[in-house]
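Have a look at the structure below, then the notes.
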Amino acid sequence: MTERQKKPEILHTEVVARSRLFQIEQVHLRFSNQEERHYERMKGASRGAVMVVPVLNGEWLLLGSEYAAGTHNYELGFPKGLIDPGETAAEAANRELQEEIGYGARKLTKLKELSLAPGYFASKMQIFLAEDLYESRLEGDEPEPIELVPWPLERWQELLDMNDFSEGRSVSALFLAMKQLKLTESP
């Protein structure tokens with residue numbers, strides 16, 4: 001490990017703000033060259049989160065249209081949510097599928113763990129591909145039903161042109177799933 005790759009020493013951490021979902025920490029750091037700085041980072045649920053790319057019968061991507069408060073729009077995306085206490089990531093992925101789009105999966109493949117904005121946000125999200133789907137609905141915590149939007153798998157690239165398919169995690173998950181399904185060249 002070079003000097004540049006050596007992690008900074010955390011001298012002090014203080015919570016400066018807290019909400020129902022997040023806390024903001026100020027972190028006092030000392031770098032390997034003895035330079036000291038204060039950074040702020042947002043921490044989400046320490047349990048982590050999942051996003052699932054469901055493929056029905058090898059022919060359809062299953063997306064949901066759900067209200068996003070950050071953009072004040074309905075956004076097209078893949079099922080996602082927090083990992084509940086005592087739950088594995090795969091169990092959370094299967095639960096979110098059933099809550100959000102009314103399907104369970106007999107086959108879940110973990111594709112990758114993503115960081116949203118590692119410079120500021122400490123949370124990670126595990127991305128899964130769900131196949132061999134079956135109808136199954138669980139009660140979720142959404143304030144209104146999520147509209148199920150089936151999308152032809154062979155037209156996956158057209159999703160990238162949709163104005164309401166703009167969330168970076170969903171775009172990344174789509175490419176990871178298409179790579180796994182061998183429908184795209186590796187980047």
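FYI, it's all coordinate maths here, none of it is from the lab. The structure presented is a predicted model; accordingly, all values stated were derived computationally and were not measured. Don't worry about glycine lacking a Cβ; one is built from the backbone with ideal geometry, like all the others, and counts go over all protein chains shown.
From helices alone, the chain scores -4500 deg cm²/dmol at 222 nm; the rule is -39500 (n - 2.57) for each run of n ≥ 4 DSSP H residues, then divide by the residue total.
Across the chain, C-alpha contacts under 8 Å between residues 6 or more apart give a mean separation that, scaled by the residue count, equals a relative contact order of 21 percent. Dipole of the stretch 112-187 computed with +1 at Lys/Arg Cβ and -1 at Asp/Glu Cβ about the Cα centre; of 117, 160, 171, farthest Cα towards the positive end is 117. Relative to the longest principal axis of the Cα atoms of the chain, the long axis of helix 89-101 makes an angle of roughly 50 degrees. Using the Cα coordinates of the chain, the gyration tensor eigenvalues translate into equivalent-ellipsoid semi-axes of 34, 20, 16 Å, sorted from longest to shortest. Along the axis of the charge dipole computed for the chain (Cβ charges of +1 for Lys and Arg, -1 for Asp and Glu, origin at the Cα centre), the listed residues 17, 79, 29 are led at the positive end by 29.
Legend: distances between Cα atoms for 107/182; 80/112; 107/179; 7/110; 6/112; pairs beyond 21 Å are 7/110; 6/112.
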